[in-house]
Amino acid sequence: MIDVEVAEQDGASVLRPSGRLTLISAPKFRDVLREAVDTGRRRTVVDLRDITFMDSAGLGALVAGLKMARQAGGDLRIAAATAQVTTVLKLTNLDRVLRPYASVGDALHDW
Amino acid sequence: MTGESPDRPAGMIAAAQPPALEEVHELLASVWETHPDVTPEDRILFEIAVVEIAGNIATHSSDGRPVTFSLYIEVTPDLIEARFRDDGRKVEVPEATGPVDEMAESGRGLAMTADAVDIVEYHRADDYNHWRIAKNRT
């Protein structure tokens, strides 16, 4: 299963999942996103540097997280996407909705 | 069960359940080890397609009874090819994958597969589903 480090930085929740984000691990990751949004922090950053592979189910979990954050009056950003994750975002045109920031620091800057 | 030699396709046979995806990743890793000349871009795109089809088989092929699938991967100088076969129920493949709402949480797998590689073929024969995925090497 997927491991997710959860931290707080500059008032935002920063989630750092590691391993493969696929249909096996996507449901658990959604639960972690839900918990992060439920903390009441308006901003959530998903640090993707340790995601070695993401499939369409993993992408679906990120979209779910974005929706949860916005429904709660906040927002979600992604950072440090690997080449594989960037390819998935481009193939699905979701890089327009989930624009990858180079780093967590960049994602938090000017937010 | 995984195996690979330069002369014949690498393959696996597994129960069509989500944990089989881990074996698919291992099989692909062994293929890349045997064929280090495949470019990182080709690996990424081919792996995306193979894992989507494997995931589809693992989640949609069973009608209650156990389903088994096989996967064979072959690398030639021009092409990387995957062939799946499973004894699950017939798959209804949409004629064309229309645009998906950008905030939809599912429904992107097949469209993404089609965009990632050059050939995605499905047919049903002798009560088996057959998928063929191929990517021209760059």
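The values are calculated or read from the model by the stated rules, or taken from the named source; none is laboratory data. Just so you know, these numbers come straight off a predicted model, no measurement behind them. Methodologically, a virtual Cβ is constructed for each residue, glycine included, from the backbone with ideal geometry; neighbour enumeration extends over all protein chains shown.
Would a scan of the range B:111-132 turn up a residue that is under 19 Å from residue B:9 (Cα atoms), among the β-branched types (Val, Ile, Thr), in contact with a helix residue (DSSP H, G or I) (Cβ under 7 Å, 6 or more places away or on another chain) and not in a loop (DSSP other than H, G, I, E, B)?
yes
Among the residues of the range B:84-138, which ones are in contact with a strand residue (DSSP E or B) (Cβ under 7 Å, 6 or more places away or on another chain) and either loosely packed, with under 13 Cβ neighbours inside 10 Å or within 10 Å of chain A (Cβ to nearest Cβ) (or both)?
Across the range B:84-138, the qualifying residues are B:90, B:113, B:114, B:121, B:123, B:136.
Which residue pairs have Cβ atoms under 8 Å apart, sit 6 or more places apart or on different chains, and have a first residue in the range B:67-91 that is over 27 Å from residue B:35 (Cβ atoms) and a second that is surrounded by 15 or more Cβ atoms within 10 Å (Cβ to Cβ) and of a type in the set (Asp, Glu)?
B:67/B:86; B:67/B:87
Starting from the range A:62-84, keep only residues that are within 15 Å of residue A:15 (Cα to Cα) and in contact (Cβ under 8 Å) with a residue 24 or more places away in the chain, then list their pairs with residues that are among the acidic types (Asp, Glu) and outside any strand (DSSP E or B) whose Cβ atoms are within a distance under 6 Å, requiring at least 6 positions of separation or different chains.
A:63/B:105; A:64/B:105
Could you tell me whether any residue of the range B:90-100 is among the charged types (D, E, K, R), modelled with pLDDT of 95 or more and farther than 30 Å from residue A:65 by Cβ? Walk me through how you get there before you give the answer.
In the first step, residues of the range B:90-100 are kept if they are among the charged types (D, E, K, R); the result is B:90, B:92, B:95.
This time we only want the ones that are modelled with pLDDT of 95 or more, so: none.
No; the residues of the range B:90-100 include none that is among the charged types (D, E, K, R), modelled with pLDDT of 95 or more and farther than 30 Å from residue A:65 by Cβ.
Among all residue pairs at least 6 apart or on different chains, which show Cβ distances below 7 Å where the first residue, located in the range A:86-111, is at the interface with another protein chain (Cβ under 9 Å from one of its Cβ atoms) and the second is among the β-branched types (Val, Ile, Thr) and surrounded by 13 or more Cβ atoms within 10 Å (Cβ to Cβ)?
Close Cβ pairs (under 7 Å, with a partner that is among the β-branched types (Val, Ile, Thr) and surrounded by 13 or more Cβ atoms within 10 Å (Cβ to Cβ)) amount to A:87/B:44; A:87/B:48; A:88/B:48.
Search the range B:23-44 for residues being part of a helix (DSSP H, G or I) and within 20 Å of residue B:115 (Cβ to Cβ), and hand back the single one that is nearest to the chain's Cα centre (by Cα). Spell out how you get there, then give the answer.
Of the range B:23-44, the ones part of a helix (DSSP H, G or I) are B:23-34, B:40-44.
So of that shortlist, the ones also within 20 Å of residue B:115 (Cβ to Cβ) come out as B:24, B:28, B:40-44.
Details: B:24: 9, B:28: 10, B:40: 18, B:41: 17, B:42: 14, B:43: 13, B:44: 13 Å.
The extreme case among them is B:24.
May I ask you to list pairs of residues, at least six apart or on different chains, whose Cβ atoms are under 8 Å apart, with the first in the range A:45-59 being at pLDDT below 95 and the second being among the small types (Gly, Ala, Ser) and surrounded by fewer than 24 Cβ atoms within 10 Å (Cβ to Cβ)?
none
Looking only at the range B:79-110, which residues are of a type outside the set (A, V, I, L, M), touching a Lys or Arg at 6+ places or on another chain (Cβ under 6 Å) and not in a strand (DSSP E or B)?
B:90
Can you run down the residue pairs with Cβ atoms below 7 Å, 6 or more apart or on separate chains, where the first is in the range B:10-35 and touching a residue at least 60 places away in the same chain (Cβ under 8 Å) and within 14 Å of chain A (Cβ to nearest Cβ) and the partner is outside any strand (DSSP E or B) and among the hydroxyl-bearing types (Ser, Thr, Tyr)?
Note: pairs meeting the criteria are B:16/B:61; B:16/B:62.
Of everything in the range A:32-57, what is of a type in the set (A, V, I, L, M) and within 15 Å of residue A:70 (Cα to Cα)? Give them in sequence order.
A:33, A:36, A:37, A:45, A:46, listed by residue number.
Looking for something acidic (Asp, Glu), surrounded by fewer than 18 Cβ atoms within 10 Å (Cβ to Cβ) and either closer than 24 Å to residue A:25 by Cα or in contact (Cβ under 8 Å) with a residue 24 or more places away in the chain (or both) - is there at least one such residue anywhere in the range B:50-57? Don't jump to the end; show me each part of the working.
Let us first name the residues in the range B:50-57 that are acidic (Asp, Glu), namely B:52.
Still in the list and also surrounded by fewer than 18 Cβ atoms within 10 Å (Cβ to Cβ): none.
For the range B:50-57, residues acidic (Asp, Glu), surrounded by fewer than 18 Cβ atoms within 10 Å (Cβ to Cβ) and either closer than 24 Å to residue A:25 by Cα or in contact (Cβ under 8 Å) with a residue 24 or more places away in the chain (or both): absent.
Could you tell me which residue of the range A:32-84 is surrounded by the fewest Cβ atoms within 10 Å (Cβ to Cβ), considering only residues that are assigned to a helix (DSSP H, G or I), more than 10 Å from chain B (Cβ to nearest Cβ) and out of contact with any Lys or Arg (no Cβ under 9 Å at 6 or more places or on another chain)?
Within the range A:32-84, the match that is surrounded by the fewest Cβ atoms within 10 Å (Cβ to Cβ) is A:71.
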